[in-house]
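Participant: Let me begin by handing over the structure; questions about it come next.
The values are calculated or read from the model by the stated rules, or taken from the named source; none is laboratory data. None of these values were measured; they are calculated from a predicted model. Here the Cβ positions follow ideal geometry from the backbone for every residue, glycine too, while neighbour counts run over all protein chains shown. Only protein heavy atoms, including side chains, enter the accessible area calculation; ligands, DNA and RNA are left aside. Shrake-Rupley method; radii C 1.70, N 1.55, O 1.52, S 1.80 Å.
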Amino acid sequence: MFLSLSEIIIIMIEFVIEKSFNMPEDIVWRIARDVNSIPNYWKGVRELNVKEVDKNVYEGRIRFAFPSSGKVRIIINDDERTLTFEYLDGPIRGYNKVKLSKGKISSEWRVTMIGLLKLAEGWNRDHFMEGTEHALERILNAALSLSP
């Protein structure tokens, strides 16, 4: 079965992964919001070269684990405890919003793939979901090691 051009254009990767934790939220948030440590937890990010362009807003280049790069904006909202990756240019367009709330950390993805990557969006969705699970686990493990 082949997809029409209009079907290919509207296909998106959308999912939410949520993990519960039992430790101080301040410690988890401190780990999750650390822009410089993003590649340590999000293994799909090989390299991140961003600079702060406004208070808690970073922009620059992102190099993915697969051989490609793009432009990213990262927005930290300490009041709502959200960290939003906006993929502005490159093979991925859309966002990943990480949120802390009431003993839970979640990651909501809403992205689309560009070019030939769109043809493998189903596989990419599964891969992104697995990578997100692991990233949230790495964040929680790092926070656990800092917890009293």
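Participant: Taking 8 Å as the Cα distance limit and 6 or more residues as the minimum spacing, I'd like the relative contact order of the chain as a percentage.
Facilitator: Result for the chain is 27 percent.
Participant: Here's a follow-up. Determine the per residue accessible area of the chain with all protein chains present and a 1.4 angstrom probe, expressed in square angstrom.
Facilitator: 58
Participant: Still on this model: In the chain, how many lysine pairs have Cα atoms under 20 Å apart, counting only pairs 8 or more places apart or on different chains?
Facilitator: 15
Participant: With the cut-off at 1.5 for a/c, could you classify segment 49-136 from its C-alpha gyration tensor as rounded, prolate or oblate?
Facilitator: Note, shape of segment 49-136 comes out oblate.
Participant: Each label point is 7 Å from the Cα along the Cα-to-Cβ direction; what then is the distance between the points at Asn77 and Phe15, in nm?
Facilitator: Using points 7 Å along Cα→Cβ, the separation is 2.4 nm.
Participant: Moving on. Note down the nm distance, to one decimal, between modelled labels 7 Å out along Cα→Cβ at Leu146 and at Arg30.
Facilitator: Roughly 0.5 nm, to one decimal.
Participant: Separation between the Asn49 and Glu137 pseudo-spin-labels, each 7 Å from Cα along Cα→Cβ, expressed in nm?
Facilitator: 3.2
Participant: Starting from the alpha-carbon convex hull of the chain, give the projected area averaged over all orientations, in nm².
Facilitator: 9.1
Participant: To the nearest Å, what is the center-to-center distance of segment 65-91 and segment 48-63, using C-alpha atoms only?
Facilitator: Computed from Cα coordinates, the inter-centre distance equals 9 Å.
Participant: Per DSSP H run of n ≥ 4, the term is -39500 (n - 2.57); total these for the chain, divide by its residue number, and report the mean residue ellipticity at 222 nm rounded to 500 deg cm²/dmol.
Facilitator: -9000 deg cm²/dmol
Participant: Share of the chain's accessible area from carbon and sulfur, percent, 1.4 Å?
Facilitator: 52
Participant: Related question: Report the net charge of residues surrounding Arg46, where surrounding means a beta-carbon distance below 14 angstrom and charges are Lys +1, Arg +1, Asp -1, Glu -1.
Facilitator: Summing Lys and Arg as +1 and Asp and Glu as -1 gives +2.
Participant: Still on this structure: Going by average Cβ density within 10 Å per residue, which order do the peptides 137-147, 47-57 take, highest to lowest?
Facilitator: Going from most to least packed, we get 137-147, 47-57.
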